[in-house]
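Structure first, commentary second.
The values are calculated or read from the model by the stated rules, or taken from the named source; none is laboratory data. Please read these numbers as outputs of a predicted model, since none were measured by experiment. Reconstructed Cβ throughout: ideal geometry from the backbone, glycine too, with neighbour counts over all protein chains shown. For the accessible areas, the whole protein counts, side chains as well, though only heavy atoms, and no ligand, DNA or RNA atoms are used. Shrake-Rupley method; radii C 1.70, N 1.55, O 1.52, S 1.80 Å.
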Amino acid sequence: MKITIVAGARPNFMKIAPIIRAIGAAQAQGKRIFYRLVYTGSKNDASLDASLFADLNMKAPDVYLGVTGNNPTELTAGIMIAFERELAQNPAHVVLVVDDLTSTMSCAIVAKKQNIKVAHLVAGTRSFDMSMPKEVNRMITDGLSDYLFTAGMVANRNLNQSGLENEHVYYVGNILVDNIRYNRHRLLRPVWFDVLNLKEKNYLLFTMNRHAILTNKENLKQLMQTLVKESNGMPIVAPLHTYVADAIKELNIQADNLHILPPQSYLFFGYLMNKAKGIITDSGNVAEEATFLGIPCITLNTYAEHPETYSIGTNELVGEDAAQLATALGKLMKDEWKEGTLPERWDGRTAERIIQILSEA
């Protein structure tokens with residue numbers, strides 16, 4: 001069994017690392033299963049910091065396709081051409097793609113056209129908003145896939161309503177939980193933690209990544225002012241990419257307790273999540289990890305890829321609404337946050353289930 005695993009962006013590697021560990025465990029049991037890791041971007045991608053693969057305890061990609069750009073059509077074409085060449089040189093029985101990126105869809109199309117089976121990791125997520133490019137990517141990838149690996153029953157229902165055959169759907173659990181569970185004892189306290197006089201469970205962690213939330217500067221300012229005001233002076237630790245940090249700095253918000261920092265390594269960031277009083281984010285992945293860790297989480301979005309994070313987990317959706325954010329922060333600061341529970345099969349054995357299914361094919 002030869003599996004080609006495709007990553008299209010840094011967050012994909014957090015979901016791929018457990019798969020690679022599970023393949024290694026299967027090999028140790030004598031199973032003839034092998035993988036090749038492909039990154040569609042450039043080897044010089046600034047988001048792939050030197051510590052990433054060491055932090056995740058995995059090797060770097062076997063090949064970098066080197067396709068970059070902001071135009072979705074050009075990116076799709078470039079990835080398809082490069083990946084077709086890659087598969088011709090290194091044939092596979094299964095191509096495993098992750099999430100809902102342009103690379104996910106593009107590589108699924110190429111594989112299917114070559115009669116190679118497609119496995120979609122984190123299948124069945126939906127926003128039901130066709131104006132979102134990722135929604136298009138999800139639907140095309142799910143429609144082409146021979147193995148649909150889902151994280152929850154909501155994803156299963158989405159696929160069932162799409163008319164996809166049940167025998168292709170496998171409820172395996174949340175792959176991110178595999179990673180955070182594996183690494184929980186390896187998390188590292190950042191060297192600057194004491195310099196800022198931070199105390200465990202006495203700071204808020206703030207992250208933001210979506211470009212869409214930055215375009216409405218007046219609303220962004222209201223959100224940031226609300227965050228600062230409702231924090232009541234508690235330190236706000238904000239590891240942000242440069243484009244986000246610059247947008248926030250342009251707002252000229254004066255707050256001694258707001259600490260804007262560069263992006264952190266995986267193990268540093270994991271520590272910050274695990275020891276925070278609460279998390280304010282626009283990231284679905286962070287909300288999922290917060291649910292596993294039992295940390296209160298406020299998501300600046302109107303939907304979550306995995307509704308389990310807010311239906312039974314520690315997450316709460318407030319959209320991009322400053323008033324709703326204020327209400328949620330008020331509950332958080334008064335220690336009135338809801339108790340969360342772990343969804344079924346968010347147990348750290350997702351990758352093991354996936355490799356078992358693929359190896360029996």
Candidates L176, L96, L198, ranked by Gaussian network fluctuation over the chain, Cα under 10 Å, top entry: L198
Theoretical ellipticity at 222 nm over the chain - DSSP helices of four or more residues, -39500 (n - 2.57) apiece, nearest 500: -12500 deg cm²/dmol
Given charges at beta-carbon only (K, R positive; D, E negative), |dipole| of the chain in Debye: 840
Chymotrypsin sites (Phe, Trp or Tyr not before Pro), loop per DSSP, at most 16 other Cβ atoms within 10 Å - longest free stretch of the chain: 1-127
Helix axis angle, 102-113 relative to the chain longest principal axis, alpha carbon, degrees: 10
Per residue value of the accessible surface for the chain (all protein chains in place, 1.4 Å probe), Å²: 44
Low-density loop positions, GluC sites (Glu not before Pro), the range 219-299 - DSSP coil, at most 16 other Cβ in 10 Å: E250
Degrees, to the nearest 10: 322-333 long Cα axis against longest axis of the chain: 80
When the convex hull of its Cα atoms is projected in every direction, mean area for the range 132-230 (nm²): 10.4
Distant-in-sequence amide H partners of Y35 (H built 1.01 Å from N, under 5 Å): I3
Summed residue charge, Cβ within 15 Å of E305's Cβ, Lys/Arg positive, Asp/Glu negative: -3
Carbon + sulfur, % of accessible area of the range 1-145 - ligands and nucleic acids excluded, 1.4 Å: 54
Length-normalised contact order for the chain - Cα pairs under 8 Å, 6+ apart - percent: 16
Bins of 10 Å from zero: percent of alpha-carbon pairs in the chain: 5, 24, 33, 25, 10, 2, 0
Amide H contacts under 5 Å for N301, placed H, 5+ residues apart: V318, G319
Selection of trypsin sites (Lys or Arg not before Pro), the range 180-229, meeting DSSP coil and at most 14 other Cβ within 10 Å: K199, K201, R210
Convex hull per residue volume in Å³, alpha carbons only, for the range 275-361: 95
Fraction of alpha-carbon pairs over 26 Å apart in the range 203-361 - percent: 27
Residue of G270, G143, G30 that the Gaussian network model of the chain assigns the largest fluctuation, springs spanning Cα pairs under 10 Å: G30
Interatomic Cα distance distribution for the range 45-140, bins of 10 angstrom, percent: 14, 41, 38, 8
Between helix 284-293 and the chain: long-axis angle, C-alpha atoms, 0 to 90°, nearest 10: 80
